[in-house]
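**Q** Please find one structure pasted underneath; my questions will follow.
The values are calculated or read from the model by the stated rules, or taken from the named source; none is laboratory data. These numbers come from a predicted model, not from an experiment. So basically every Cβ, Gly included, is an ideal-geometry build from the backbone, and we count neighbours across all protein chains shown.
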Amino acid sequence: MTVSILADIVASTPVDDIHTHLYDPAFGSLLLWGIDDLLVYHYLVSEASRQMDVSLERFWSASKTEQADWIWRALFVEHSPVSEACRGVVTVLHALGIEPRHHDLPALRQWFAAQEPGAYLDRVLALAGVRSVCMTNSPFDDEERPLWERGFPRDPRFRAALRIDPLLLDWPRSMGRLRDWGYDVGPGRSGRTAAEVRRFLADWTGRMGARYCMVSLPPDFAWPSDTDAAWLIQEAVLPHGREHGQALALMLGVKRGVNPALRLAGDGVGRSRLDALENLCGANPGNRFLATLLSREAQHEAVVIARKFPNLHLFGCWWFTNTPQFIDEITRMRLELLGMSFTPQHSDARVLDQLIYKWRHTRERLVPALESRYAALAASGWVVTEPEMRRDVAQLLGGAFDSFVGAH
């Protein structure tokens, strides 16, 4: 086995990206792309807020073009763009054949404005080596819900995932919305309400063709507990999952609005109570769970839980752990304890172009992690063949996820 062969395999294996915030092209302007959207990304907004010479109040009242101008100057002109998020922008531009140091921002805008959207989408997916992406789709989103209700021609490369955060985390308000939509729900934890929530989940799973159901939960989420969220999970979400063969993805550890002035960029991180994850997996062997953890400190415990419960599939290095040093540590730990039965990364992309850097950077880290394990295995007397490497990489870049949730 040589590193060059492994690197070629990792570079050429197509990715099924299992979690993004992208949209089917039919959603029009909801599918973000281009230099201004790359710059006005919440990772960069929070970073630039430390160095911009404008107040956040003025920043949010400005146009997206002005916001991008300030971020570009603060992070790329006045300072070297050494952070992972800044490097991502550079990687995207370089992959597109653009030398960013030889272009000012108006010239970059002209380049992107000249692209035909359909052809550009195809080019980005090809450069990223991405075969399909899984979206994040919420019936509670007033911008996207009407399009789902009308129906539209689907791009088969864009798969759906049903997001239910408002249902679980803001039940009093969501109850009112479900009533407006014709579901007979009401106050109190009645069997009728639970049945109607299950009907709501089934309707939207069918309408979207959702591959899995998902929710982002705070660090103090507990299960079981005497909360609306825990009751809804027990009486509606888990029965729905068993009936429809649908996994529940838990994104654990986000602290919403630590700095509200930063808006979407103002969320923070906390270490989750992983006894909730352990309890869910142990009490519900007929359900399948996906999980990703926002804090570094929770990763080892989560891997141990996954070793004990085959109905749990870990995925991704999410948000604040999506940096090379943490990716290396987490991926190697998972390989050493779980073998190939996990998905090392998802892009979490909110801007189409980000697929390029998210997956190029991921592949950079995956090669040495795998090479280390293969070398150790060879030293023990088992040499992994090239076909076996291809099988393994395909598993890690989407195959293991497909096997777990059920390929559609």
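**Q** Kindly check whether there is at least one residue in segment 67-76 that is farther than 24 Å from THR20 by Cα and exposed (fewer than 15 other Cβ atoms within 10 Å of the Cβ). Before the answer, list the steps.
**A** First, pick out the residues of segment 67-76 that are farther than 24 Å from THR20 by Cα: 69-70, 72-76.
Add one more test, that the residue is exposed (fewer than 15 other Cβ atoms within 10 Å of the Cβ), and what stays is none.
For segment 67-76, residues farther than 24 Å from THR20 by Cα and exposed (fewer than 15 other Cβ atoms within 10 Å of the Cβ): absent.
**Q** Scan segment 171-197 residue by residue and report those that are of a type outside the set (Val, Ile, Thr), under 15 Å from ASP228 (Cβ atoms) and outside any loop (DSSP other than H, G, I, E, B).
**A** Taking segment 171-197 first, the residues of a type outside the set (Val, Ile, Thr) are 171-184, 186-192, 194-196.
Next, only the ones that are under 15 Å from ASP228 (Cβ atoms) stay: 171-178, 186-190, 194, 196.
Result: TRP171, PRO172, ARG173, SER174, MET175, GLY176, ARG177, LEU178, ALA194, GLU196.
**Q** Would you list the helices (runs of 4 or more DSSP H) that sit entirely within segment 31-121 and hold 2 or more residues that are within 29 Å of VAL258 (Cα to Cα)? Break it down into steps so the answer makes sense when it comes.
**A** Numbers: elements: 35-39, 42-48, 56-61, 64-72, 84-95, 105-113.
Result: 35-39, 42-48, 56-61, 64-72, 84-95.
**Q** Exactly one condition in (1) modelled with pLDDT under 95; (2) over 22 Å from GLY316 (Cα atoms) is not met by ARG192; state its number.
**A** (1)
**Q** Another question, if that's okay. Of the residues ASP228, ASP220, ASP267, which single one is farther than 20 Å from HIS19 by Cα, under 23 Å from the mean Cα position of the chain (by Cα) and not polar (S, T, N, Q)? Quick ask: steps written out before the conclusion?
**A** Values: ASP228 fails: under 23 Å from the mean Cα position of the chain (by Cα); ASP267 fails: farther than 20 Å from HIS19 by Cα.
Residue meeting the stated conditions: ASP220.
**Q** Collect the residues in segment 311-341 that are in a loop (DSSP other than H, G, I, E, B) and either crowded, with 16+ Cβ neighbours inside 10 Å or in contact (Cβ under 8 Å) with a residue 12 or more places away in the chain (or both), keeping them in residue-number order. I'd like the intermediate steps shown before the answer.
**A** Going through segment 311-341, the residues in a loop (DSSP other than H, G, I, E, B) turn out to be 311, 316-318, 322-323, 339-341.
ASN311, GLY316, CYS317, TRP318, ASN322, THR323, MET340, SER341, listed by residue number.
**Q** Which one is farthest from the chain's Cα centre (by Cα), of the residues in segment 44-66 that are buried (at least 20 other Cβ atoms within 10 Å of the Cβ) and touching a residue at least 60 places away in the same chain (Cβ under 8 Å)?
**A** SER49
**Q** Given the conditions (1) more than 18 Å from ARG211 (Cα to Cα); (2) part of a loop (DSSP other than H, G, I, E, B), which single one is not true for LEU168?
**A** (2)
**Q** What is the residue count in segment 155-167 for residues that are in contact with a helix residue (DSSP H, G or I) (Cβ under 6 Å, 6 or more places away or on another chain) and surrounded by fewer than 22 Cβ atoms within 10 Å (Cβ to Cβ)?
**A** From segment 155-167, those in contact with a helix residue (DSSP H, G or I) (Cβ under 6 Å, 6 or more places away or on another chain) are 155, 160, 162, 166-167; that's our starting set.
If we keep only those that are surrounded by fewer than 22 Cβ atoms within 10 Å (Cβ to Cβ) as well, we get 155, 160, 166.
Here the count works out to 3.
**Q** Inside segment 364-385, can you point out the residues that are assigned to a helix (DSSP H, G or I), over 17 Å from LEU337 (Cα atoms) and either in contact with a helix residue (DSSP H, G or I) (Cβ under 6 Å, 6 or more places away or on another chain) or of a type in the set (A, V, I, L, M) (or both)?
**A** Once the filter is applied, which keeps residues that are assigned to a helix (DSSP H, G or I), over 17 Å from LEU337 (Cα atoms) and either in contact with a helix residue (DSSP H, G or I) (Cβ under 6 Å, 6 or more places away or on another chain) or of a type in the set (A, V, I, L, M) (or both), segment 364-385 yields ARG365, VAL367, ALA378, ALA379.
**Q** For segment 234-285, which residues satisfy the criterion of being over 30 Å from LEU56 (Cβ atoms) and either in a strand (DSSP E or B) or of a type in the set (Gly, Ala, Ser) (or both)? If you could, list the steps in order and put the result at the bottom.
**A** Of segment 234-285, the ones over 30 Å from LEU56 (Cβ atoms) are 234-250, 273-285.
Selection gives ALA236, GLY241, GLY245, ALA247, LEU248, ALA249, LEU250, ALA276, GLY282, ALA283.
**Q** Something else about it: Please state which of the following conditions ARG360 fails to meet, knowing it meets all the rest: (1) closer than 30 Å to ALA210 by Cα; (2) charged (D, E, K, R); (3) surrounded by fewer than 16 Cβ atoms within 10 Å (Cβ to Cβ).
**A** All conditions are met except number (3).
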